Amino acid sequence: MPDVITNAGTPLALGASITKNGVNFSIYSRDASAVSICLFDDDMAKQPYAVIPLDPVVNRTGDIWHIKFCGLGEGTLYLYKVDGPYEPTRGLRFNKNKYLFDPYAKAFTQGSVFRSYNRQHKQGFSANEGGELQDLSDFPKCVVVSDDFDWEGDRPLNYPLEKSIIYEAHLKGFTASPSSGVAPQIAGTYKGFAQKAEYLRDLGVTSVELLPIFEFDENETANTNPRTGETLVNYWGYSTIGFFAPKTGYAADRSPGGPVREFKQMVKDLHKAGLEVILDVVYNHTAEGNERGYTFEFRGLQNDVYYSLPQNDKQYYMNFSGCGNSVNCNHPLTGQFILDSLRYWVLNMHVDGFRFDLASILTRAPSGAPIPYDMPSLTAIISQDPVLAKTKIIAEPWDCAGLYQLGGFPGGTLPGDNRWSEWNGRFRDDIRRFIRGDEDAVTAAATRIAGSSDCYNHSGRAPTASINFITAHDGFTLNDLVTYNHKHNEENGEENRDGSDDNLSYNHGYEGECTNPKIQSLRLRKIKNYLIYLFVSQGVPMLLGGDEMRRTQDGNNNAYCQDNAISWINWNLAQINSGLVRFTKNLIAYRRTHSVFSRTRFFTDTYDKDTVPEIVWYDINAKNPDWTKQKRFLAFKLNGAESSDGENDFYIATNSDIYDLTITLPALSNGRKWHFVADTSLPSPEDILEPGNEEPLREQRRYVLLSGATVILTGK
């Protein structure tokens, strides 16, 4: 037990900062009447070895409480206790009995806040107003962390969006399976993930988008699997507790501060492999829940600042997230907290970008009303922040209360300052309908393929504003999209009520896995079609991790609670479906090799007979299509020959009907000939050729396109 020697300390920076001869602690609370800091010997300590009250005369500057401890350093474990008025109708919920986390904590020890609170519940206490925990042995402690790390000159890669190919993955699930080949002691960890860098680099992706890795408590879920009886968990992690701290449970080294070092090493290793790191971040709500929820940090520090509360009765919480509360993002103090967090992950952890979950909540005023597009908001501040200037910022442009901002996400107040890209849900839906074979889906699909100009061109944005995806963590995998008509979420313990019923999927004649060769062949063909349009469409493609090897969740389209084989990558599939992995790899290579697939501006309409249009659409006779009659056939040519870099031309056609077609190919100029690139009806390896190995067609004017197939030809 070290001697405790203190002085006044300083109000900035917030959090715990290592100084020359100690540690400075600083925390915000406007209405607190008393603040104490609690120090612990080790992560399993049942009680603090010291509780030091802060003198409001000496240790308070404005609304910030601060103190310096001389002789302490890296690895110090601490929590807070804060007293003040408990007046829920005014939005104040102070409770002197609660141990509180530091919102700026950079690391946490192992443990589960929910195990501790659940034990307290059994003693008759409620979550919010309960008595003091008598045993803190499995309650996480905040860790004082040093920012020192040998980065060896590493910097964020910050690839241009048009050059980016995003791969969405769950950090733990990527290597948790024994099939991953990663040593058991590092399976499912930052260190284990880094060992798959070579696979990702060889696949051709540029950027890994990780589901939430900010500290959260996986034990918050109370449901059980009705089939196995196992207790389910919060696997996805969309319930943040620590906005500066990498999740301890994802580290092989779980010693105090170990997860921070391991995360940094992972980023450095991925950067060496040429891979960016994008974090899926959840600033729209926290794990504290609604008025019947828990008190971990914000609720016990300044509830009415950090959360959006109804003005007529502040004992309740506005709930735009569907998770019990909504962060008051556009309060100056809360907005500064979010900006501080983002800057920390860029400056100290070297990440390359962020995908903002339910980002529309970031555009709501403290009243809950949407902020007008031309008014300042947190999203505009993020857009203009000089530290984040090269960082990717991607919005999920909607929330759970009906605010849908696709194509108009308010990211700036000045012309041209909108750097935000958006998850394009219309791309997902329109391409799904088209490939499924829906009638009259062709026109909408064409608009998505061309970059969704209807969403973004009107505001002067580029095709890179659209993050294109067919599947994501939330919903069916690509394999399941062609295998199931209905969701099968029974093992989530919610009687199959959870998850979307609108999946735009098709099982092709049999629900679930089957051995019928005709159905198997058609499903694989459709998967390849989806992949083609993901990578040839204008915008930024995002591939769901494992889709390239036909990962399945057995029809579960909401596997948020499945920390098991349902969600984990089965790496045996990479060998079983090696042909599809190869197909995906070659598609990515074509996109990266040919700039016609990754434009930085929308196609221009031209009526000049002397000008070759950049894109031309065709019917089956190579004529201009009558869009009112285009039912299940789509074809277009990208004219690369007229580009400044003398690109190849590309012709892409899809027959989503049940009948085979003989189509007419458009003529080429300048003596070019059509060469075969890909046909999804063919078996591997004939289904796609590697860039540079394209073979000239023997028949230059006709092509037999089978039912449900897509062909890619290149003119050179």
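Side notes on the structure shown:
- Taken over the range 26-42, the criterion of being outside any loop (DSSP other than H, G, I, E, B) and among the hydroxyl-bearing types (Ser, Thr, Tyr) is satisfied by 26, 28, 36.
- Test: residue in the range 536-553 that is part of a loop (DSSP other than H, G, I, E, B), open to solvent by less than 10 Å² (accessible area, probe 1.4 Å) and hydrophobic (A, V, I, L, M, F, W, C): no
- Any chance residue 706 is closer than 22 Å to residue 519 by Cβ, open to solvent by 40 Å² or more (accessible area, probe 1.4 Å) and touching a residue at least 24 places away in the same chain (Cβ under 8 Å): yes
- Sub-6 Å Cβ pairs linking a first residue in the range 72-87 that is open to solvent by 20 Å² or more (accessible area, probe 1.4 Å) to a second residue that is polar (S, T, N, Q) and in a strand (DSSP E or B), at least 6 apart or interchain, are 81/36, ordered by first then second residue.
Each row is one residue, and each column tells you yes or no for (1) open to solvent by 20 Å² or more (accessible area, probe 1.4 Å); (2) over 29 Å from residue 385 (Cα atoms); (3) without any contact (Cβ under 8 Å) to a residue 12 or more places away in the chain; (4) among the charged types (D, E, K, R).
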{"position": "303", "(1), (2), (3), (4)": "no, no, no, no"}
{"position": "306", "(1), (2), (3), (4)": "no, no, no, no"}
{"position": "312", "(1), (2), (3), (4)": "yes, yes, yes, no"}
{"position": "321", "(1), (2), (3), (4)": "no, no, no, no"}
{"position": "330", "(1), (2), (3), (4)": "yes, no, no, no"}
{"position": "334", "(1), (2), (3), (4)": "no, no, no, no"}
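- Taken together, the residues in the range 43-71 that are open to solvent by less than 20 Å² (accessible area, probe 1.4 Å) and not in a strand (DSSP E or B) amount to 3.
- Residue within the range 646-666 that is at pLDDT below 95, part of a loop (DSSP other than H, G, I, E, B), of a type in the set (Gly, Ala, Ser) and under 25 Å from residue 585 (Cβ atoms) present: no
- Residue 131 vs. criteria part of a loop (DSSP other than H, G, I, E, B) and at pLDDT 95 or above: no
- Whichever residue in the range 434-452 is farther than 14 Å from residue 708 by Cβ and not small (Gly, Ala, Ser) and, among such residues, is surrounded by the fewest Cβ atoms within 10 Å (Cβ to Cβ): 439
- The one condition in (1) open to solvent by 30 Å² or more (accessible area, probe 1.4 Å); (2) more than 27 Å from residue 392 (Cβ to Cβ) that residue 474 fails to fulfil: (2)
- Of all positions in the range 186-203, none carries a residue that is at positive phi, open to solvent by 50 Å² or more (accessible area, probe 1.4 Å) and not aliphatic (A, V, I, L, M).
- Members of the range 340-349 that are open to solvent by less than 10 Å² (accessible area, probe 1.4 Å) and either among the small types (Gly, Ala, Ser) or under 18 Å from residue 28 (Cα atoms) (or both): 341
- Of all residues in the range 29-69, those satisfying the criterion of being over 15 Å from residue 135 (Cα atoms) and of a type in the set (S, T, N, Q) are 29, 33, 36, 59, 61.
- Any hit, the range 576-596, residues being over 30 Å from residue 457 (Cα atoms), open to solvent by 60 Å² or more (accessible area, probe 1.4 Å) and of a type in the set (A, V, I, L, M): yes
- Residues within the range 633-645 that are open to solvent by less than 70 Å² (accessible area, probe 1.4 Å) and modelled with pLDDT under 95, tallied: 4
The values are calculated or read from the model by the stated rules, or taken from the named source; none is laboratory data. All figures in this text were calculated on a predicted structure; none of them were measured in a lab. Methodologically, a virtual Cβ is constructed for each residue, glycine included, from the backbone with ideal geometry; neighbour enumeration extends over all protein chains shown. The protein model used for the area step is the full one, side chains on, heavy atoms only, and it has no ligands, DNA or RNA in it. Shrake-Rupley method; radii C 1.70, N 1.55, O 1.52, S 1.80 Å.
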